[in-house]
Amino acid sequence: MSAWTSEALDRIGGAEELQVSSYRPDGTLRPFVTIWGVRVGDDVYIRSAYGPGNGWFRRARASGTGRVAVGGLEQEVTYAPAPPDVHDAIDAAYHAKYDKFGPAIVGTVVGPDVVDVTLRVIPRP
């Protein structure tokens with residue numbers, strides 16, 4: 001597995017939004033979707049604010065691979081389940097980054113209801 005560069009982690013950590021995409025079965029890239037994402041240590045995580053039925057989430061999980069774009073950077077990635085011991089830290093990162101938008105919107109990406117719709121975003125060479 002590859003690791004994020006310091007520059008990429010800084011861009012992701014500082015960006016309000018990420019663009020995520022996944023690959024279709026025929027190998028073509030789907031259009032990018034704008035979502036929130038957070039950095040926790042040297043890892044990047046994304047969550048589906050509207051549950052497991054959200055289109056981008058279903059496709060990313062099914063494909064397992066895709067691309068992330070943020071701040072002029074585009075990176076090939078693998079989408080993987082998040083480790084079970086990191087969810088409190090992910091919640092804290094979402095609160096720190098997005099609480100300015102209010103509890104109603106932040107509440108869609110924190111707490112026990114989003115554990116199953118959390119993906120770790122791992123860079124690929």
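The values are calculated or read from the model by the stated rules, or taken from the named source; none is laboratory data. Treat the numbers as computed from the prediction; the structure is a model and nothing was measured. Positions of Cβ are backbone-derived with ideal geometry, glycine not excepted, and every protein chain shown enters the neighbour counts.
Structure notes:
- Tabulated pairs, the stretch 103-114, first under 14 Å from I46 (Cα atoms) and touching a residue at least 60 places away in the same chain (Cβ under 8 Å), second hydrophobic (A, V, I, L, M, F, W, C) and not in a helix (DSSP H, G or I), C-beta under 6 angstrom, 6+ apart or interchain: V109/A49
- Only strands (runs of 3 or more DSSP E) whose full extent lies in the stretch 1-99 are considered here, and the ones with at least 3 residues that are closer than 16 Å to I122 by Cα and among the β-branched types (V, I, T) are 65-70.
- Residue pairs whose Cβ atoms lie under 7 Å apart, sitting 6 or more positions apart in sequence or on different chains, and linking a residue in the stretch 76-89 that is within 23 Å of S22 (Cα to Cα) to a partner that is among the small types (G, A, S) and assigned to a loop (DSSP other than H, G, I, E, B), are T78/G64; Y79/G64.
Each row is one residue, and each column tells you yes or no for (1) of a type in the set (D, E, K, R); (2) in contact with an Asp or Glu (Cβ under 9 Å, 6 or more places away or on another chain).
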{"site": "V40", "(1), (2)": "no, no"}
{"site": "G51", "(1), (2)": "no, yes"}
{"site": "R67", "(1), (2)": "yes, yes"}
{"site": "E76", "(1), (2)": "yes, no"}
{"site": "A82", "(1), (2)": "no, yes"}
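- Scan of the stretch 106-115 for residues that are in a helix (DSSP H, G or I) and surrounded by fewer than 13 Cβ atoms within 10 Å (Cβ to Cβ), ordered by number: P112, D113
- Any hit, the stretch 75-93, residues being of a type in the set (D, E, K, R) and touching a Phe, Trp or Tyr at 6+ places or on another chain (Cβ under 9 Å): no
- Of the residues making up the stretch 3-52, those that are of a type in the set (S, T, Y) and within 21 Å of P84 (Cα to Cα) are Y45, S48, Y50.
- T65 being surrounded by fewer than 18 Cβ atoms within 10 Å (Cβ to Cβ), in contact (Cβ under 8 Å) with a residue 40 or more places away in the chain and not charged (D, E, K, R): yes
- In the stretch 68-86 there is no residue matching the filter, namely being loosely packed, with under 14 Cβ neighbours inside 10 Å, modelled with pLDDT of 95 or more and at positive phi.
- Positions within the stretch 1-18 being buried (at least 17 other Cβ atoms within 10 Å of the Cβ) and in contact with a Phe, Trp or Tyr (Cβ under 8 Å, 6 or more places away or on another chain), in sequence order: I12, L18
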